[in-house]
Amino acid sequence: MSITFEILKPVIDFVISFISTLGYPGIFLLSVLESALIPIPSEIIMPFSGFLVSNGTFEPVSVVLAGTFGNLVGSILTYFLGIKVGRAFILKYGKYILFKKSHLEFTEELFQKYGDKISFFCRLLPAIRTYISLPCGIGKTNFVKFSIYTFLGSLIWNTMLTYVGIIFGHNWKNIDKYAIYLDVVSACVISVFIIWFIVKIRKRSKTNQKGEIPHSD
């Protein structure tokens, strides 16, 4: 039994009990908490739910949607928390929810570089996905865009994790051994997005340059 599993065992036991008792609402509520700064890993929630799909207890689309809408609700709550309390409050009290200054500075840097779309591809980053809504709220990013990107990013992430649970079946707890593959997939998705974004910016810049009217001497 791996060290990672031993450390996470109390959390795993809680997630198993919660989902086994409440069903889809359990997935939804845990996903709300996960996106509202409570460190309950989706890497446990969704693969276990995928395992329950593999044995016929759950239906895959309902599992993914329960997790995704839960992420959306939790992210919206965190977004408005960021608007209300501001940066200084988070830096002072964030440590109590395992939110470090480095987390905020990293996500702020990404936000400055990539704008509203940061809420999409950060939903595909382990750990960072739990906290990204906070700097989005602090930075007062467009709420509609934030919600759409959060939903789409969460949908992709939850689909991947649910599929892992379905494939692994009762061995879903061994996901820590295969987490690197999820990270690789996430990195590929993010890389494609960044390339697309850069190309789009360059095209826009060239268009603007062509549209400039030359000044006469």
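Numerical summary
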| read-out | value |
| --- | --- |
| Relative exposure of Y131, Y163, judged by other C-beta atoms within 10 Å (fewest first) | Y163, Y131 |
| Net lengthening on full extension, F143/I128 (0.36 nm per residue, minus Cα-Cα) | 3.5 nm |
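Read the figures in this text as sums done on the coordinates, not as results from a lab. In this text, all values refer to a predicted model and were calculated from it rather than measured experimentally. A quick note on method: Cβ atoms are made from the backbone with ideal geometry, for glycine too, and the neighbour counts reach across all protein chains shown.
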